[in-house]
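Worksheet: one structure, shown below.
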Amino acid sequence: MSQRIRVQTADFDVAAEYQRLAQTSSCGAVVTFSGLVRELVDAELEALTLEHYPGMTERVLEQLVEQACKRWQLGEVTLIHRVGRLALNEQIVFVGVAAAHRKAAFAAAMFIMDFLKTQAPFWKQEHSSTGSYWVAAKATDKQAAEAWQEN
């Protein structure tokens, strides 16, 4: 199993990341997820600022991928998370998983995203029409991560 983990300010190319994953030997499935900055329900979002703890963040991301690799037989995993100020509709995160079988690829990608939202040391500040504020983890994100404990 091979993994590529990056925390960066620059955008990423989903097609290029997919092509690299698709070259994995004995790969029968590639599952990718790309998260975007989305509008808020109760205010007009202008931008999002993501901060992290360099070194620690990468290590936590590595541990999440390692946990996924212990649960499923994976060929290659790519995890990219952006930091800095991001505008509406910009890409924030990319998770790509190549595996011999689709079920493992889908499950591993969901597992990584669910734990990324609750365990990775990122801090998110939303800038909206009503002001700027730091965002706490959502209860639904915690519930999604806890559901993996039961499996």
Could you grab me the full set of residues in segment 106-120 that are within 22 Å of ARG6 (Cβ to Cβ) and out of contact with any Cys (no Cβ under 9 Å at 6 or more places or on another chain)? ALA109, MET110, PHE111, ILE112, MET113, ASP114, PHE115, LEU116, LYS117, THR118, GLN119, ALA120
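Within segment 5-21, track down each residue that is over 14 Å from the mean Cα position of the chain (by Cα) and closer than 14 Å to PHE33 by Cβ.
Here is the first cut: in segment 5-21, the residues over 14 Å from the mean Cα position of the chain (by Cα) are 9-10, 13, 15-16, 18-21.
Residues satisfying the conditions are TYR18, LEU21.
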The number of residues in segment 83-138 that are surrounded by 14 or more Cβ atoms within 10 Å (Cβ to Cβ), small (Gly, Ala, Ser) and more than 22 Å from PRO54 (Cβ to Cβ) is 10
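Results for (1) under 23 Å from ALA99 (Cα atoms); (2) at pLDDT below 95; (3) part of a loop (DSSP other than H, G, I, E, B), shown as yes or no for each residue.
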position: SER25; (1), (2), (3): yes, yes, yes
position: ALA43; (1), (2), (3): no, yes, yes
position: ALA47; (1), (2), (3): no, yes, no
position: LEU61; (1), (2), (3): yes, no, no
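Take GLY75 and decide whether it is modelled with pLDDT under 95, closer than 16 Å to GLY96 by Cβ and not basic (Lys, Arg).
The answer is yes for GLY75.
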Answer residue from segment 67-102, given it is in a helix (DSSP H, G or I) and touching a residue at least 24 places away in the same chain (Cβ under 8 Å) and is farthest from CYS27 (Cα to Cα) among those: GLN67
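Results for (1) out of contact with any helix residue (DSSP H, G or I) (no Cβ under 9 Å at 6 or more places or on another chain); (2) within 16 Å of GLN8 (Cβ to Cβ), shown as yes or no for each residue.
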residue	(1), (2)
LEU86	yes, yes
GLN91	no, yes
ALA99	no, no
LYS103	yes, no
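How many of the residues making up segment 76-106 are closer than 19 Å to ALA22 by Cβ and either small (Gly, Ala, Ser) or under 10 Å from the mean Cα position of the chain (by Cα) (or both)?
Here the count works out to 11.
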Answer from ALA136, ALA120, ALA144 - the residue that is touching a helix residue (DSSP H, G or I) at 6+ places or on another chain (Cβ under 6 Å), modelled with pLDDT under 90 and under 18 Å from VAL37 (Cα atoms): ALA120
Could you tell me which of the residues SER34, SER26 is touching a strand residue (DSSP E or B) at 6+ places or on another chain (Cβ under 9 Å), at negative phi and polar (S, T, N, Q)? SER34
Filter segment 22-59 down to the residues that are farther than 21 Å from ALA108 by Cβ, among the β-branched types (Val, Ile, Thr) and under 14 Å from the mean Cα position of the chain (by Cα) and list them by number. VAL37
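The values are calculated or read from the model by the stated rules, or taken from the named source; none is laboratory data. Here the structure is a predicted model, which is why all the values come from computation and not from measurement. Reconstructed Cβ throughout: ideal geometry from the backbone, glycine too, with neighbour counts over all protein chains shown.
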